[in-house]
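All remarks here apply to the structure that follows.
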Amino acid sequence: MPIKLLSEDIVAQIAAGEVIERPTSVVKEMLENSIDAGARHIHIALSGDGRRRIQISDDGCGINMAEVDLAFARHATSKLNSADDLYNIRTLGFRGEALASIAAVSHLTMTTRHTDDATGTQLKIVGGMVQEQRAIGAPAGTVIEVEHLFFNMPARLKFLKKEATEKRQIASLVTRYALAYPQIRFVVEQDGREIFRTNGGGNLTDVLVGAFGIDQVRDMLEVDDQYDDVRVVGFTSMPRMNRADRSRITLFVNGRSIQDTSLTYAVVQAYHTLLMTGRYPIAVLLIDVPPADVDVNVHPAKAEVRFKDQDAVFTAVQRAVRRAVISQAQTPYLRERRPLEGAVASDWQPHQQLEMGLNLQTPGQFAGHRTGERDQPTDPTAIPYGAEAPAMPRTLPLLRVVGQVSSSYIVAEGPAGMYLIDQHAAHERILYEQFMADYAKQETISQLMLAAQTVQVAPDEAALLESNLPVLSALGFTLEAFGPNTFVIRAIPALLADADPVELIAGMIDDLIQGNTPGMASIEDKIVLRVCKSAAVKAGQILNFEQMQGLIRQLERCQSPLTCPHGRPTMIHLSRDHLAREFGRLG
Ligand code: ADP
Ligand code: MG
């Protein structure tokens with residue numbers, strides 16, 4: 001075929017296709033324009049999912065009579081003056097493409113009046129061609145009506161998702177914007193029925209309740225933190241409220257809804273060891289950075305941004321969320337703590353508060369953990385973080401051990417009622433925090449093997465092991481290659497003095513084979529989890545009183561005592577009220 005220039009209307013359609021993919025894109029672009037225009041009130045009316053009709057009205061500044069047709073020219077914008085402005089963008093729009101794109105693929109009517117003009121203008125465009133322009137009386141602001149979207153792109157119409165999907169997307173989009181702009185009143189109407197409304201009062205919690213419902217909001221934690229130039233505010237869910245995918249993690253950067261795999265991961269990462277793998281939090285985070293530190297011009301639909309210092313933003317988000325979550329992970333049991341009344345107070349004595357190690361079959365277990373003088377507690381939001389026995393603040397109320405059930409659970413009593421503690425899960429949590437604390441300080445955590453053992457593995461496994469020797473060594477495993485597919489184990493983590501190293505190495509090879517999947521725990525993490533699992537006291541193991549008490553004392557000072565490092569609960573709490581209710585002593 002000979003080379004020829006594409007006709008203008010084909011070019012327009014191709015360009016429009018990049019920006020306007022579906023009805024949701026129309027809503028997004030128009031919403032952004034209304035917000036940029038300083039609207040306090042935005043009204044969206046849809047017929048069905050918006051293919052037939054989308055109408056957006058705002059009370060923003062409107063468009064000057066003389067500029068109305070220019071607004072529809074491609075690359076026409078009032079938001080940029082010079083190329084330099086591109087690196088300091090404070091508006092949502094700047095590409096000057098949306099109106100042109102929407103007009104190219106629909107029947108569009110715009111009615112607008114600039115606040116300084118006495119009369120308004122109405123413009124009708126069909127498939128990019130102006131049909132009519134006239135002066136008209138209108139309130140200040142802009143009303144855009146888009147009908148028959150993609151009427152001239154039958155192929156695009158065929159690719160649209162089901163109506164219900166599109167409706168849901170639009171609702172979710174408007175909800176997100178409403179969360180980012182609580183000071184703007186949003187109303188969404190679908191086929192004449194109001195489906196969403198915010199009051200524009202500026203209170204994020206109000207919007208959250210409207211968007212998620214009061215029950216869910218009760219389980220959300222407030223995030224509000226600043227690290228250098230990066231401010232992070234919003235809400236994130238308590239670990240007990242979670243979802244099977246990441247879709248409920250909503251991110252805004254400087255008021256712009258964005259997708260960012262890395263920052264989403266930062267949020268997930270903040271729940272490290274508090275959520276089971278494969279579960280994700282719900283979060284709405286408004287991230288503010290200086291406009292000059294973020295490049296918004298990397299995506300035609302402006303859905304992605306690039307940061308000058310990606311790591312700084314990542315860390316800020318992770319820490320801010322972590323801080324909110326950690327402060328909660330420690331308190332629900334303390335929160336229930338009420339002043340003790342007379343008789344009940346003397347119920348029990350915090351007797352025998354011995355700071356003792358577990359002293360299970362593993363003698364080396366807590367070597368080096370009872371030195372007394374410790375550094376300042378590490379920043380609780382840092383990951384990995386540590387828990388130091390005596391110096392760490394108490395995160396659970398003082399618990400009195402009552403006994404053991406099924407050789408697996410410790411029964412304990414505290415001021416707020418009864419606790420049933422999974423001994424294995426609890427010990428895993430304790431070991432995990434100790435291991436990570438030592439690891440962070442690079443203290444010796446390995447112990448030489450008295451009798452060197454060798455392991456033989458399959459050739460592909462040998463290669464894998466070989467390439468991971470540095471990681472393993474950092475975690476306390478010293479292995480040396482020794483003949484074909486054979487390794488000598490010289491040292492293992494001190495926690496594991498009693499475990500069968502050969503079995504452990506086999507398990508680690510499994511971890512290595514699964515590798516580093518994005519969004520999942522890193523290799524190091526997996527190995528640490530495996531070490532803690534092997535070293536922790538097993539279910540079915542009978543513990544004596546001192547052992548149980550030692551375990552509880554340490555758990556009381558863990559940073560996140562309520563979950564094991566795999567995110568499963570370490571304990572079940574039966575409050576006194578609950579017990580009273582069960583026995584019919586209360587309401
Ligand atoms: P951009 O938003 O990137 O500037 P658009 O094509 O979306 O490009 O809009 C073009 C111009 O039309 C905007 O720069 C703005 O001046 C004007 N405009 C669009 N929508 C509105 C609105 N709702 N209120 C006021 N002005 C608007
Ligand atoms: Mg725009």
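The values are calculated or read from the model by the stated rules, or taken from the named source; none is laboratory data. The shown structure was predicted, so the numbers you read here are calculated from the model rather than taken from an experiment. A quick note on method: Cβ atoms are made from the backbone with ideal geometry, for glycine too, and the neighbour counts reach across all protein chains shown. Each accessible area value is taken on the protein alone, full model and side chains, heavy atoms only, with ligands, DNA and RNA left out. Shrake-Rupley method; radii C 1.70, N 1.55, O 1.52, S 1.80 Å.
What to note about this one:
- Yes/no for residue 219 being over 24 Å from residue 272 (Cα atoms) and free of Cβ contacts under 8 Å to residues at least 60 places away in the same chain: no
- Some residue of the stretch 236-257 being over 27 Å from residue 170 (Cβ atoms), out of contact with any Leu (no Cβ under 7 Å at 6 or more places or on another chain) and assigned to a strand (DSSP E or B): no
- Meets criteria (open to solvent by 20 Å² or more (accessible area, probe 1.4 Å), away from ligand 2 (no atom under 14 Å from the Cβ) and modelled with pLDDT of 90 or more) for residue 66: yes
- Number of positions in the stretch 47-63 that are out of contact with any Asp or Glu (no Cβ under 7 Å at 6 or more places or on another chain), at pLDDT 95 or above, closer than 19 Å to residue 169 by Cβ and more than 8 Å from ligand 1 (Cβ to nearest atom): 1
- Being within 14 Å of ligand 2 (Cβ to nearest atom), open to solvent by 20 Å² or more (accessible area, probe 1.4 Å) and touching a residue at least 12 places away in the same chain (Cβ under 8 Å) is not true of residue 119.
- Selection count, the stretch 81-103, where residues are under 33 Å from the mean Cα position of the chain (by Cα) and part of a loop (DSSP other than H, G, I, E, B): 10
- Condition met for residue 35 (modelled with pLDDT of 95 or more and within 15 Å of ligand 2 (Cβ to nearest atom)): yes
- Residues in the stretch 462-500 that are under 21 Å from residue 535 (Cβ atoms), open to solvent by 30 Å² or more (accessible area, probe 1.4 Å) and assigned to a helix (DSSP H, G or I): 471, 473, 474.
- Verdict on residue 206 being in a helix (DSSP H, G or I), open to solvent by 20 Å² or more (accessible area, probe 1.4 Å) and either touching a residue at least 12 places away in the same chain (Cβ under 8 Å) or of a type in the set (Val, Ile, Thr) (or both): yes
- Sub-8 Å Cβ pairs linking a first residue in the stretch 82-98 that is without any contact (Cβ under 8 Å) to a residue 24 or more places away in the chain and among the charged types (D, E, K, R) to a second residue that is open to solvent by less than 20 Å² (accessible area, probe 1.4 Å) and within 12 Å of ligand 1 (Cβ to nearest atom), at least 6 apart or interchain, are 85/94, ordered by first then second residue.
- Residues satisfying the stated conditions in the stretch 142-167, i.e. within 21 Å of residue 199 (Cα to Cα) and open to solvent by 30 Å² or more (accessible area, probe 1.4 Å): 143
- Check on residue 78, of a type in the set (Ser, Thr, Tyr) and either assigned to a strand (DSSP E or B) or more than 9 Å from ligand 1 (Cβ to nearest atom) (or both): no
- Residue in the stretch 88-116 that is modelled with the highest pLDDT, counting only those that are in contact with a helix residue (DSSP H, G or I) (Cβ under 6 Å, 6 or more places away or on another chain) and more than 12 Å from ligand 1 (Cβ to nearest atom): 105
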